[in-house]
Protein chains: 2
Amino acid sequence: MLNPATPAFLDTLRDRLPDAVFRTAGPEHLEEPRGRYRGAGLLLAPGSTQEVATIMQACHAARIGVVPHGGGTGLVGGQVMQEGAAPVILSLARMDAIREVYASENVLVAEGGAILSDVQAAAREAGRLFPLSLASEGSARIGGLLATNAGGLNVLRYGNARAQCLGLEVVTAQGEIWHGLTRLYKDNTGYDLRDLMIGAEGSLGIITAAALKLAPVPAASGTALFQVASPRAALDLLALARDRVGDNVTAFELMHRQGPEFLIEAGLDARVPLDPVPEWMVLVELGLPEGLAPEDSLAAIFEAAVEAGISQDGVIASSEAQSEALWAIRETIPEANRRIGSISSHDISVPLSALPDFIDQGGPALRALGDVRINCFGHLGDGNLHYNVFPPKGRDRNDFEKIRPKVKELVHDLAHAFGGSVSAEHGIGRLKVGDLERYGDPVKLAMMRAIKTALDPNGILNPGAVLRG
Amino acid sequence: MLNPATPAFLDTLRDRLPDAVFRTAGPEHLEEPRGRYRGAGLLLAPGSTQEVATIMQACHAARIGVVPHGGGTGLVGGQVMQEGAAPVILSLARMDAIREVYASENVLVAEGGAILSDVQAAAREAGRLFPLSLASEGSARIGGLLATNAGGLNVLRYGNARAQCLGLEVVTAQGEIWHGLTRLYKDNTGYDLRDLMIGAEGSLGIITAAALKLAPVPAASGTALFQVASPRAALDLLALARDRVGDNVTAFELMHRQGPEFLIEAGLDARVPLDPVPEWMVLVELGLPEGLAPEDSLAAIFEAAVEAGISQDGVIASSEAQSEALWAIRETIPEANRRIGSISSHDISVPLSALPDFIDQGGPALRALGDVRINCFGHLGDGNLHYNVFPPKGRDRNDFEKIRPKVKELVHDLAHAFGGSVSAEHGIGRLKVGDLERYGDPVKLAMMRAIKTALDPNGILNPGAVLRG
């Protein structure tokens, strides 16, 4: 059993920590952005790794829970503890420095509280690319992005957050510091604790700094929006594109017409420059080496697609502004979704070849539950769909409270039946602890619990996240 | 304390396992290829995952050690246990099937005993590339390659073995089966046990099958050998090449003249087609998208390098045969090394920008220890050098027994001082357990021991490898 964090406990820390560490928790610390989780807790905002270690030592000794807090943008409640003894909320926000950029090594070292867009900018200034990119990049912080193994738009080419990281500095549950901040591209000395900490959602250690991989900036980039006959045709188009330009396809995003219709319905600006708006379309981004013009490569892909009966319409951006306008369609859809209000949102992945069947079967099954609309969009190249279910026009999501659990179960059961995942990129947090128990491999779960107990015997690290406390 | 594997113990298994499982251990199981490790043990060669589980259950109950055995090509003694109670040697050789190729998903599922060259061939047949490539690919097996997180020639572009794997099937110390053979590119449901098993060298579980990532075959490939003025110039050339073609540089191998000289001395055929043979040279491979001729891209890189004073001589392959002849130089050097016989071999990595200083300081320091020759070559783009120390011409390595420990310590201390690794791609095995204790982060080591105890409480999995038993 854990003890609650109290003002008296914080007082015991005052002679070991500077005043700046002691803050008052605000709504941004106590509520999840969409208001679905509300919690309690006392805020500490350390300014150094040593201060994090001091706090962890004290919490470990006193058996007080610690909820790490980065940008607070998580979608599964990993950042808010709403049950149990009030924890210390450990904000990394003051540890937001870019410690160093090693341009010639393609490495950047950032503190856990560094904001993603600041890291991207520092890389750009050094003539390099930090490819991790997602909607919340203006507020999400590196520690949280790694703790949740964030995905986003460029996973197809560059992998998820885990693939962008070379080394970590981590404070353990006991308040010891693992100095694993290596800039090495190859190091086979012992177990991969880096990848264990990445994706553990703060339940195994606190990520205080990371050595991040930078990539060369592609010599030229290009964007196109292609109509496709179906999700299956979209997969064929992906294969065709990769046959021609290999891994230089940096993004491949599927959108159903429902998305652009929601943009209009929600009063948002972005518009699809194809008439009629196709039922299915893909947004394609290429990053190419010197000597190739992206417009030409995209045109060649389009011609081949037309010849193969995969696509009939499309638009290729001929300027940076046009490229941004195409991306704005995809990037504004989440905001449209928020305004319209989903009955249930899902972040599923299935094996690539099962994706068309998943979509074919999901629609009718959901509509058998009620008069719903589906906005199906996402990172097709990764097999990852944001498959979100909405009320019909003019109706409110609250009218569908009753079928919400059924909707979620149907979508998750179907993804699982296809060998898929019920959390492709958002993680488990507190929202999906039951899903993990329901769908997870029992041997994997037993190993996870054994590791959790081995590394955090008092169970103080993000209690109730990932694994039931 | 572990109990020895005895014929009587094997007899208790005969009613649960088919006769084909019971084999006689040969020299290939009891000796490391170079004869540096000799061990004991009784051989079992299961034909299925369930049979592996049955064996592990029995060994766990009887507290008998299990040494997993793949192709037996490891260089650090991970596959041979020469101290302690005789173990069961668990050969995966009979489990060598390619279970399935999912070409449209870029996924291939292979059993742990599948030989790397067979996996490469199956990928090729499906019009795809399995990029893992190394000298022992004709005998190394997937389970061992993953257990050791093998590196090789294409890490710069495609990453090491860990980066090529989507999912695993693993038998635990207790004989349970983790069905983690996912074909998903994104799955954030719980701790990353896949990457924990990869690189654990069989000390946390037995890898019985893997879902492997395939890559698109580059539309065209090209090879060149460029003289460079120095290792620093080689790094500048890498930066220049990546500025132009980005991540399409698939290999970037540094060679010192000592390598080609060893080829002649050892009576091997491969020759450098540059006159004079440069002191330093790099082998560059590009894999390019459609629309680019590799010869043109390589010529443009060479011209820019000449202009920048980085290179003065070079040769660009204009046929597959010429490309193979250039690669033969690099790939024959390890055989030349074996014939000449090193005093001490090292597999180190350092941060890229520290590499020239490491080379500058290493040579004089080693020559102060004795009259030695250094063959420095390797995966420069990864910061990984095979930095091997040899006797002068006509002398035998045995004459240098006395300085061998000093040589190793000097090289490892220097790599460590630069923030490097003493095992970039070969792993710890039994050879480097002391190095890990000497150079490893103590907090990391404590976490590793806690995880080992949590997952293998009886300590039966590859006893003495990675961590002292």
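Figures for the structure shown
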item	result
Filter result (open to solvent by 20 Å² or more (accessible area, probe 1.4 Å), within 32 Å of the chain's Cα centre (by Cα) and under 18 Å from A:D275 (Cα atoms)) within region A:289-322	A:F302, A:D313, A:G314, A:V315, A:I316, A:Q322
Hits in region B:277-298 (condition: closer than 12 Å to B:F226 by Cβ and β-branched (V, I, T))	B:V282, B:V284
The listed residue being aliphatic (A, V, I, L, M) and touching a Pro at 6+ places or on another chain (Cβ under 7 Å), out of B:A215, B:A126, B:A209	B:A215
Set A:E253, A:E265: member being modelled with pLDDT of 95 or more, open to solvent by less than 30 Å² (accessible area, probe 1.4 Å) and in contact with a helix residue (DSSP H, G or I) (Cβ under 7 Å, 6 or more places away or on another chain)	A:E253
Any pair with Cβ under 7 angstrom, 6 or more apart, that starts in region A:318-342 at a residue that is under 17 Å from A:G222 (Cβ atoms) and ends at one that is β-branched (V, I, T)	A:S323/A:T223; A:L326/A:T223; A:W327/A:T223; A:I329/A:V272
Those residues of region B:22-38 which are surrounded by fewer than 18 Cβ atoms within 10 Å (Cβ to Cβ) and of a type in the set (S, T, Y), in sequence order	B:T24
Count of residues meeting criterion [in contact with a strand residue (DSSP E or B) (Cβ under 6 Å, 6 or more places away or on another chain) and hydrophobic (A, V, I, L, M, F, W, C)] in region B:423-447	2
Residue tally, condition under 24 Å from B:F130 (Cβ atoms) and among the polar types (S, T, N, Q), over region A:225-255	2
Listing of helices (runs of 4 or more DSSP H) fully contained in region A:282-379 that carry 1 or more residues being assigned by TED's automatic domain parsing to the domain that holds A:D243	A:294-307, A:320-340
Residues of region A:269-282 classified as open to solvent by less than 20 Å² (accessible area, probe 1.4 Å), over 19 Å from A:S318 (Cα atoms) and in contact (Cβ under 8 Å) with a residue 60 or more places away in the chain, total	0
Among the residues listed as B:G84, B:G41, the single one being out of contact with any Asp or Glu (no Cβ under 6 Å at 6 or more places or on another chain) and either of a type in the set (A, V, I, L, M) or open to solvent by less than 30 Å² (accessible area, probe 1.4 Å) (or both)	B:G41
Sole exception among (1) within 13 Å of another protein chain (Cβ to nearest Cβ); (2) touching a Phe, Trp or Tyr at 6+ places or on another chain (Cβ under 7 Å); (3) modelled with pLDDT of 95 or more for B:L156, by number	(3)
Region B:141-152, residues that are surrounded by 24 or more Cβ atoms within 10 Å (Cβ to Cβ) and more than 10 Å from every other protein chain (Cβ to nearest Cβ)	B:R141, B:I142, B:G143, B:G144, B:L145, B:L146, B:A147
Filtered residues of region B:242-264 (kept if more than 14 Å from chain A (Cβ to nearest Cβ) and among the polar types (S, T, N, Q))	B:Q258
Search result, residues across region B:9-29 that are in contact (Cβ under 8 Å) with a residue 24 or more places away in the chain and more than 20 Å from B:G112 (Cα to Cα)	B:F9, B:L10, B:T12, B:L13, B:R16
Boolean, B:G381 is over 19 Å from B:E425 (Cβ atoms) and under 22 Å from the mean Cα position of the chain (by Cα)	no
Subset of region A:77-89 [of a type in the set (A, V, I, L, M) and either within 19 Å of A:G35 (Cα to Cα) or under 21 Å from the mean Cα position of the chain (by Cα) (or both)]	A:V80, A:M81, A:A86, A:I89
Criterion: without any contact (Cβ under 8 Å) to a residue 12 or more places away in the chain and crowded, with 21+ Cβ neighbours inside 10 Å - qualifying residue of B:Y191, B:Y158, B:Y185	B:Y191
Only listed residue being open to solvent by 10 Å² or more (accessible area, probe 1.4 Å), more than 7 Å from chain B (Cβ to nearest Cβ) and in contact with a Leu (Cβ under 9 Å, 6 or more places away or on another chain), chosen from A:V217, A:V228	A:V217
Test: residue in region A:411-433 that is open to solvent by less than 30 Å² (accessible area, probe 1.4 Å), free of Cβ contacts under 8 Å to residues at least 40 places away in the same chain and out of contact with any Asp or Glu (no Cβ under 6 Å at 6 or more places or on another chain)	yes
Any chance B:D195 is farther than 23 Å from A:V245 by Cα and not in a loop (DSSP other than H, G, I, E, B)	yes
All positions within region B:100-126 that are away from every other protein chain (no Cβ under 14 Å) and within 22 Å of B:S48 (Cα to Cα)	B:A110, B:E111, B:G112, B:G113, B:A114, B:I115, B:L116, B:S117, B:D118, B:V119, B:A122
Which listed residue, of B:L326, B:L286, is open to solvent by less than 20 Å² (accessible area, probe 1.4 Å), within 21 Å of B:L156 (Cα to Cα) and within 14 Å of another protein chain (Cβ to nearest Cβ)	B:L286
Candidates A:A233, A:A209, A:A239, filtered to the one that is assigned to a helix (DSSP H, G or I) and more than 12 Å from every other protein chain (Cβ to nearest Cβ)	A:A233
Filter result (out of contact with any strand residue (DSSP E or B) (no Cβ under 9 Å at 6 or more places or on another chain) and surrounded by 24 or more Cβ atoms within 10 Å (Cβ to Cβ)) within region B:48-73	none
Residues that are at the interface with another protein chain (Cβ under 7 Å from one of its Cβ atoms) and not aliphatic (A, V, I, L, M), drawn from region A:168-181	A:T172, A:E176, A:W178, A:H179, A:G180
Selected residue [out of contact with any Gly (no Cβ under 8 Å at 6 or more places or on another chain) and open to solvent by 10 Å² or more (accessible area, probe 1.4 Å)] from A:R397, A:R373	A:R373
Residue within region A:93-111 that is modelled with pLDDT under 95, acidic (D, E), in contact with a Lys or Arg (Cβ under 9 Å, 6 or more places away or on another chain) and open to solvent by 10 Å² or more (accessible area, probe 1.4 Å) present	no
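The values are calculated or read from the model by the stated rules, or taken from the named source; none is laboratory data. Note that this is a predicted model, so its numbers are computed, not measured. All Cβ positions, glycine included, derive from the backbone under ideal geometry; neighbour counts span all protein chains shown. Protein only, heavy atoms only, side chains kept; ligands, DNA and RNA dropped before computing areas. Shrake-Rupley method; radii C 1.70, N 1.55, O 1.52, S 1.80 Å.
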